[in-house]
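The values are calculated or read from the model by the stated rules, or taken from the named source; none is laboratory data. Owing to the predicted nature of the structure, the values given are computational and were not obtained by experimental measurement. With ideal geometry, Cβ positions are generated from the backbone for all residues, glycine too; neighbour counts draw on all protein chains shown. Side chains included, ligands, DNA and RNA excluded: accessible areas come from the protein's heavy atoms. Shrake-Rupley method; radii C 1.70, N 1.55, O 1.52, S 1.80 Å.
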Amino acid sequence: MVSYVSALLYGVGGIVVAGMALLVAFQEKLVYVPVLPGLTKSYAITPARLRLSYEDVWLRSSDGVRLHAWFIKLFPDCRGPTILFFQENAGNIAHRLEMVRIMIQRLNCNVFMLSYRGYGASDGYPSQHGITRDAQAALDHLSQRTDIDTSRIVVFGRSLGGAVGAVLTKNNPDKIAALLLENTFTSILDMAGVLLPFLKWFIGKSSKGPRILNFLVRSPWSTIDVIGQIKQPILFLSGLQDEMVPPVHMQLLYAKAAAHNRQCLFVDFPTGMHMDTWVAGGDHYWKTIQQFLEEHVPEKKENESSRNGNDFEAR
């Protein structure tokens, strides 16, 4: 009996040690994948390939890292919403151009696509602290532009991008009008148990186990702790066939947000997978976003702007 208990304890100890070793050695490679297998870090195409008018934008994050972005406009004087687009963890912004092309057409919007540090043409190495700075640099740039309606800046994020967007939206209630969240996880801590099932008893925000490995995670991206603090309208877009992030993560995020924010809407797409919900959802997907923006980020009427100006002069 004693030998059996000892063997069991050694086995559990071995699992914990193996888990710790994996987390310490490979976590950045699991969370951040700037280069897809068989491809290079550089952009395979630019927006010009899809006949999109764009501007190369170079930014400096607050810690000095040089960042690259594409600003794609529907037409030069477009005053529609401007979508600040945050991608998933793998590949670069060039791999999202087909979706962005349709987004611009369907939503009559501008799109600002940021390359996180270490991705695409941006310098540096990815980390949660660094990418949070990068997102803020992108928003600060947009907020200072005079060729867009800065009151209609909307954040879109899928998967990792949703975690990035949630933090940025929470931190900037006066600069961001709304958040669009698609197939996003509750936290990297919870995702560790999904990707490496034997770790689920030792790591995670919602784990029932001792969670003794949580302290080893350098990029926890705990969206579940952020989402309830967001005051702006939030649209949750969930693909029910998501093979990467269990759909229950989106349901948990919505429940947490809706408990504090009445401007939340949850829409699911029965055949949507992690990357193709926008394809599987078809017309319904785009109409959902369009109607949400029309309600929560409406276009300013010219007579309304004139009236506001006259009111100011009267004072």
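At a glance:
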{"item": "Long-range HN-HN contacts of Asn261 with modeled amide H, under 5 Å", "result": "none"}
{"item": "Accessible area of the stretch 56-142 divided out per residue, in Å², using a probe of 1.4 angstrom", "result": "32 Å²"}
{"item": "Modelled FRET efficiency - R0 35 Å, Asp56 with Asn171, Cβ distances, 0.05 increments", "result": "0.85"}
{"item": "Per-residue HN-Hα couplings for the stretch 47-59 [Karplus 6.51, -1.76, 1.60; θ = phi - 60°; Hz; x = Gly/Pro]", "result": "x, 4, 4, 9, 6, 9, 7, 8, 10, 6, 10, 10, 10"}
{"item": "Ala178 long-range amide H proximity, modeled H, under 5 Å", "result": "Val155"}
{"item": "Estimated vicinal HN-Hα couplings, Hz - the stretch 32-39 in sequence order (Karplus 6.51, -1.76, 1.60; Gly, Pro = x)", "result": "10, 10, x, 10, 6, x, x, 10"}
{"item": "Under the Karplus curve 6.51 cos²θ - 1.76 cosθ + 1.60, θ = phi - 60°, whole-Hz ³J(HN,Hα) for the stretch 62-73, x wherever Gly or Pro sits", "result": "5, 9, x, 6, 7, 10, 10, 8, 10, 10, 10, 10"}
